[in-house]
Amino acid sequence: MEYKNLLLEIKDGIAVVKINRPKALNALNSETLDELRHAGDAINANKDVWVVIITGEGDKAFIAGADILEMKDMNPYQGMIFSQRGHEAFAAFENMNKPVIAAVNGFALGGGFEVALMCDIIYASDKAKVGFPETTLGIFPGFGGTQRTAKLCGLAKAKELIFTGKMISAKEAYEIGLINKVVPHEELWKEVMALAEKIRSNGPISMGLAKALINKSLFLDMESALMLEAKDFGLCFGTKDQKEGMTAFVEKRKATFTGE
Ligand code: DAK
């Protein structure tokens, strides 16, 4: 599929998905959400991709939120369809069995910050600003923001961010546990690629299983979660990667994983 609002590049096992609407600060309209869902599904099915990076085109914004121009005159039914498109696009990345990194290169606001939060790891430029301006528009973060923010930084901070709609610096977001790392703007891409390559060198099946387990652990009681963990841990022993990883250790060499 040809994308109008995304740039997709796949090289050496790493897929880079770039939201490409810089004139609108990469705001998410319906078409972009549909393209994101399509790209997410295609990447998930592509065995050659082991790690995914999501970022924004241009130097100013990661994603400045859902497209306010498109949402402004929606009726409740259109709002519901828009929401469903968002949920499908988000699910495609959150549920994919590959690590997804957000490279937050500028404003990550509202639905844009929610995109970053559904990624597994967030690296941000020191110039980036994040926040949830939705309540200033008469709505609230509806792509998982109320849930993920509270789980990451606690109820009080989540409520403060959402009720005030204020923007905070990447550094402040890091300090309250919303972001993994803040790096100088010019070094963001180098740092993100180094992270992606490090992850790329590890066993993909084991990482996919671990990702699903960690995500599910938020919603399961400890006993059920540990049962699932034991089952999935056992599954690793049916893979060539587990044999290769442990044989390489014994032979004192670096493992070469094939994802089988
Ligand atoms: N939507 C559409 N266009 C946007 C946009 C957005 N979110 N953000 C920026 N733009 C456009 C601006 O309109 C402007 O276009 P032109 O006027 O040049 O045509 C262009 O990008 C450049 O923006 P500015 O001129 O405003 O640039 P500044 O540097 O002065 O300001 C800014 C940058 C990021 C502070 C400012 O643009 C801003 O405040 N943008 C809006 C940020 C925002 O409020 N984001 C949250 C959007 S609401 C749902 C679930 C979730 C959501 C919705 C529904 N359901 C469950 C149904 C999510 C909602 C949101 O994300």
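Kindly establish whether Phe113 is within 12 Å of the ligand (Cβ to nearest atom) and at pLDDT 95 or above. Lay out the reasoning, then the answer.
On the way: within 12 Å of the ligand (Cβ to nearest atom): yes; at pLDDT 95 or above: yes.
Answer is yes for this residue.
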ask   = Looking only at residues in the range 86-119 that are without any contact (Cβ under 8 Å) to a residue 60 or more places away in the chain and aromatic (Phe, Trp, Tyr), which one is farthest from Ile139 (Cα to Cα)?
value = Phe93
task = Would you mind telling me which numbered condition in (1) in a loop (DSSP other than H, G, I, E, B); (2) near the ligand (Cβ under 10 Å from one of its atoms); (3) not acidic (Asp, Glu) Met1 fails?
result = (2)
key: helices (runs of 4 or more DSSP H) enclosed by the range 194-260 - at least 1 residues per element that are over 19 Å from Met96 (Cβ atoms), of a type in the set (S, T, N, Q) and modelled with pLDDT of 95 or more   = 240-250
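Please go through the range 77-94 and pick out each residue that is near the ligand (Cβ under 10 Å from one of its atoms) and not small (Gly, Ala, Ser). Give the derivation first.
Here is the first cut: in the range 77-94, the residues near the ligand (Cβ under 10 Å from one of its atoms) are 78-87, 90.
Listed by number, the residues that qualify are Gln78, Met80, Ile81, Phe82, Gln84, Arg85, His87, Phe90.
Only one residue in Ala45, Ala91, Ala102 is surrounded by fewer than 16 Cβ atoms within 10 Å (Cβ to Cβ) and within 17 Å of Arg148 (Cα to Cα), so which one is that? Reasoning before the result, please.
On the way: Ala45 fails: within 17 Å of Arg148 (Cα to Cα); Ala102 fails: surrounded by fewer than 16 Cβ atoms within 10 Å (Cβ to Cβ).
From the options Ala45, Ala91, Ala102, the qualifying one is Ala91.
Output the number of residues of the range 203-221 satisfying the condition of being over 20 Å from Gln147 (Cβ atoms) and surrounded by fewer than 16 Cβ atoms within 10 Å (Cβ to Cβ). Don't jump to the end; show me each part of the working.
Restricting attention to the range 203-221, the residues satisfying the condition of being over 20 Å from Gln147 (Cβ atoms) are 203-210.
When the remaining residues are screened for being surrounded by fewer than 16 Cβ atoms within 10 Å (Cβ to Cβ), the result is none.
So the answer is 0.
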request  = Could you check Tyr123 against (1) within 24 Å of Ile14 (Cβ to Cβ); (2) surrounded by fewer than 24 Cβ atoms within 10 Å (Cβ to Cβ); (3) touching a strand residue (DSSP E or B) at 6+ places or on another chain (Cβ under 8 Å); (4) hydroxyl-bearing (Ser, Thr, Tyr) and say which number it fails?
outcome  = (2)
query = So, in the range 139-167, of the ones that are β-branched (Val, Ile, Thr) and crowded, with 19+ Cβ neighbours inside 10 Å, which residue ends up nearest to Asn215 (Cα to Cα)?
reply = Thr149
request  = Would you mention how many residues in the range 120-152 are touching a residue at least 24 places away in the same chain (Cβ under 8 Å), part of a loop (DSSP other than H, G, I, E, B) and either of a type in the set (Phe, Trp, Tyr) or more than 10 Å from the ligand (Cβ to nearest atom) (or both)?
outcome  = 6
request  = Scan the range 57-73 for residues that are more than 7 Å from the ligand (Cβ to nearest atom) and either surrounded by fewer than 14 Cβ atoms within 10 Å (Cβ to Cβ) or among the polar types (S, T, N, Q) (or both) and jot them down.
outcome  = Asp59, Lys72, Asp73
inquiry  = surrounded by fewer than 13 Cβ atoms within 10 Å (Cβ to Cβ) and touching a residue at least 12 places away in the same chain (Cβ under 8 Å): which single residue out of Thr239, Thr256 fits that description?
reply    = Thr256
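The values are calculated or read from the model by the stated rules, or taken from the named source; none is laboratory data. If you're wondering where the values come from, they're calculated on a predicted model, not measured in any experiment. Here Cβ is always computed from backbone atoms with ideal geometry, including for glycine, and neighbour counts include all displayed protein chains.
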